Amino acid sequence: MDGMLSQDEINALLNGGGDSDIGGDSSAGASSAVEIDDSLITEIERDAIGEVANISMGSSATTLFSLVNQKVNITTPVVSLARWENVLTEYERPCVFIQIKYTVGLDGSNILILKEHDVKVITDLMMGGDGSNTEGELGELHLSAISEAMNQMMGSAATSLSTMLGKMIDISPPEASLVDLTEFKEGGDIAAFLAGTFVKIAFRMQISDLVDSTIMQLYPIEFAKELCSTFLGAQLGEDVPAQETPAPAPAPAAPQAGMPQMDMSQMQMGMPQMDMSQMQMGMPQMGMPQMQMMPQMGMPQMQMMPQMMPQMQMQPNMSIQPAQFQNFAGEFNPNQPQENIDLIKDVPLEVTVELGRASKSISDILDFAPGTIIELDKIAGEPIDVLVNGKFVAKGEVVVIEESFGVRVTEIIK
């Protein structure tokens, strides 16, 4: 049996290795199976993707801060190409996949990957906890909460993209799911673009002293290229007007009595008209100081001294009036935080209608039986109380809607 080759040695030979590669380089053959062609995206595209991701995640971090009320820091992204095998070896299991689809402005989708522990911390903070309640399994409540958080975060990122790209960008509600990576040998079972090479953007996310980990964002290569093309086109579009502005031809200058000769047709600087016959050296009646030449953009321009301005004759049809400003009804308090109620409009609250209350001793409660009547502290016909999350907010009256009870609000409590 000593003369027979092992299975690893046979694999090494099939992968192109000679006798010197047997045994020691068998892992090289395995790594070549996930070798990635870096030429699929250029350095310019890589930088553009990083810039877009950096701006998007900056907006997302601000939104996450408003949701968890903790300091959030998301570092500069690292852009690379990857395959599904890289995700399997680099990320914890299980983890949460959040799929975001673009519906307006861009055609494509991307996936955010968060660690299970990070999701538990974020959802606990959103529900009013201190972030320490991370025991137990990840349930539908956690997935629903993180989907809502990502909806607001990526919605904020879409708004930043709209400003940056110069067109409307919108997304569909994100879909969150708990994924055990050991159950998926092929990434195509989760999303079609994960079956091949894709763009991976890694961020380091810190939430106070509760979270310090890495999150990943995965893009299809085609979508990443489209994003780069749109981004670079928007950037070039901003620079074109400044470059297309023609520079006026320079006027010939000849020395004359200590002052350069100028073409008076180029002296229209938006200032009141002057009698050009008086703009000669040796005419002291104007009392004007000498004009200084400042060559810029290929043409001589005059830099006028402030003392000139009061002595210029104003045009007859020019009307000057003092500025009037509208009085504000209230005073601005810089220490008062500016609220953005839109961030929490989708958060569900529990509404309770309280008919009345009663105080009973333990012995009375032990005597309860079917048919027992409990007298409440409300008088018949008196408005009932409406509570939101246990807080008294309104009064109302009981109504019947088809076969269900309801309440008509009659008064809002301030």
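Things to note:
- Any pair with Cβ under 9 angstrom, 6 or more apart, that starts in the range 343-356 at a residue that is of a type outside the set (D, E, K, R) and ends at one that is open to solvent by 90 Å² or more (accessible area, probe 1.4 Å) and part of a strand (DSSP E or B): Val353/Phe405
- Ile201 vs. criteria touching a Gly at 6+ places or on another chain (Cβ under 9 Å), surrounded by 17 or more Cβ atoms within 10 Å (Cβ to Cβ) and part of a strand (DSSP E or B): yes
- Selection within the range 57-71 - of a type in the set (S, T, N, Q), part of a helix (DSSP H, G or I) and touching a Ser or Thr at 6+ places or on another chain (Cβ under 9 Å): Ser59, Ser60, Thr62, Thr63
- Strands (runs of 3 or more DSSP E) (entirely within the range 299-414) containing at least 1 residues that are open to solvent by 70 Å² or more (accessible area, probe 1.4 Å) and at pLDDT below 85: 299-303
- Any chance Ser147 is under 19 Å from Ala61 (Cα atoms), touching a Pro at 6+ places or on another chain (Cβ under 7 Å), hydroxyl-bearing (Ser, Thr, Tyr) and free of Cβ contacts under 8 Å to residues at least 60 places away in the same chain: yes
- Residue match in the range 175-198 (condition: at pLDDT 85 or above and under 15 Å from the mean Cα position of the chain (by Cα)): no
- Residue match in the range 113-135 (condition: surrounded by fewer than 16 Cβ atoms within 10 Å (Cβ to Cβ) and part of a helix (DSSP H, G or I)): yes
- Applying the condition of being in a strand (DSSP E or B) and open to solvent by less than 10 Å² (accessible area, probe 1.4 Å) to the range 214-232 and asking which residue is farthest from Phe65 (Cα to Cα) yields Leu218.
Residue-by-condition table, conditions (1) over 25 Å from Thr89 (Cα atoms); (2) without any contact (Cβ under 8 Å) to a residue 60 or more places away in the chain:
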{"site": "His117", "(1), (2)": "no, no"}
{"site": "Lys120", "(1), (2)": "no, yes"}
{"site": "Thr134", "(1), (2)": "no, yes"}
{"site": "Leu141", "(1), (2)": "yes, yes"}
{"site": "Ser156", "(1), (2)": "yes, no"}
{"site": "Ser160", "(1), (2)": "yes, no"}
{"site": "Thr163", "(1), (2)": "yes, yes"}
{"site": "Ser172", "(1), (2)": "yes, no"}
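- In the range 98-112, the residue that is surrounded by the most Cβ atoms within 10 Å (Cβ to Cβ) out of those that are among the small types (Gly, Ala, Ser) and assigned to a strand (DSSP E or B) is Ser109.
- Restricting Thr63, Thr75 to residues that are hydroxyl-bearing (Ser, Thr, Tyr) and farther than 14 Å from Gln217 by Cα narrows the list to Thr63.
- Every pair of residues 6+ apart whose Cβ atoms lie under 6 Å, when the first sits in the range 67-80 and is surrounded by fewer than 18 Cβ atoms within 10 Å (Cβ to Cβ) while the second is β-branched (Val, Ile, Thr): none
- Only residues that are modelled with pLDDT of 90 or more and farther than 30 Å from Gly166 by Cβ were counted across the range 84-109, and they come to 2.
The values are calculated or read from the model by the stated rules, or taken from the named source; none is laboratory data. What you are looking at is a predicted structure, and each value in this text was computed from that prediction instead of being measured. A quick note on method: Cβ atoms are made from the backbone with ideal geometry, for glycine too, and the neighbour counts reach across all protein chains shown. Heavy atoms of the whole protein, side chains included, go into the accessibility calculation; ligands, DNA and RNA do not. Shrake-Rupley method; radii C 1.70, N 1.55, O 1.52, S 1.80 Å.
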